[in-house]
Amino acid sequence: MANTVSAKKMTRKIAKRTAINRSRRSRMRTFVRKVEEAIASGDQGVALSALRAAEPEIMRAAQHGIVHKNNASRKVSRLAARVKAIAA
């Protein structure tokens, strides 16, 4: 348990930051899930529009340090490949 004033303040800051990070991660996952559901339905138009909405959300999460930049790029790349494969 934090005893000093500075330690108590840090626990407040950490709790606030954790809540923000959890919200951003959840938002990103929601957008990714929408793309995956569109891919599963087999409708490329819907999947493409969902991917266009998800990509900036994923990259924004990377900018804020929620996921690593390479991880975000990999997610976008793999989703894009799966959307592209629907047409084939």
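The values are calculated or read from the model by the stated rules, or taken from the named source; none is laboratory data. Everything numeric in this text was worked out from a predicted model, so none of it was measured. Counting neighbours? That spans all protein chains shown, and the Cβs are built from the backbone with ideal geometry, glycine included.
Just to be sure before I move on: is ALA2 on the phi < 0 side of the Ramachandran plot, exposed (fewer than 12 other Cβ atoms within 10 Å of the Cβ) and in contact (Cβ under 8 Å) with a residue 12 or more places away in the chain in the structure I sent? If you could, list the steps in order and put the result at the bottom.
Numbers: on the phi < 0 side of the Ramachandran plot: yes; exposed (fewer than 12 other Cβ atoms within 10 Å of the Cβ): yes; in contact (Cβ under 8 Å) with a residue 12 or more places away in the chain: no.
No: the conditions fail for ALA2.
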Filter segment 68-88 for residues that are of a type in the set (D, E, K, R) and without any contact (Cβ under 8 Å) to a residue 12 or more places away in the chain; the one that is farthest from SER26 (Cα to Cα) is LYS84
Mind telling me which of the residues ARG82, ARG33, ARG74 ends up being surrounded by 12 or more Cβ atoms within 10 Å (Cβ to Cβ), in a helix (DSSP H, G or I), under 11 Å from the mean Cα position of the chain (by Cα) and of a type in the set (Lys, Arg)?
ARG33
Quick check: anything in segment 2-17 in a helix (DSSP H, G or I) and under 28 Å from ILE86 (Cα atoms)?
no
Within the group GLY65, GLY42, which residue is surrounded by fewer than 13 Cβ atoms within 10 Å (Cβ to Cβ), farther than 15 Å from ARG27 by Cα and out of contact with any Asp or Glu (no Cβ under 9 Å at 6 or more places or on another chain)?
GLY42
Given (1) at pLDDT 95 or above; (2) of a type outside the set (Gly, Ala, Ser); (3) out of contact with any Asp or Glu (no Cβ under 6 Å at 6 or more places or on another chain), where does VAL76 come up short, assuming only one miss?
(3)
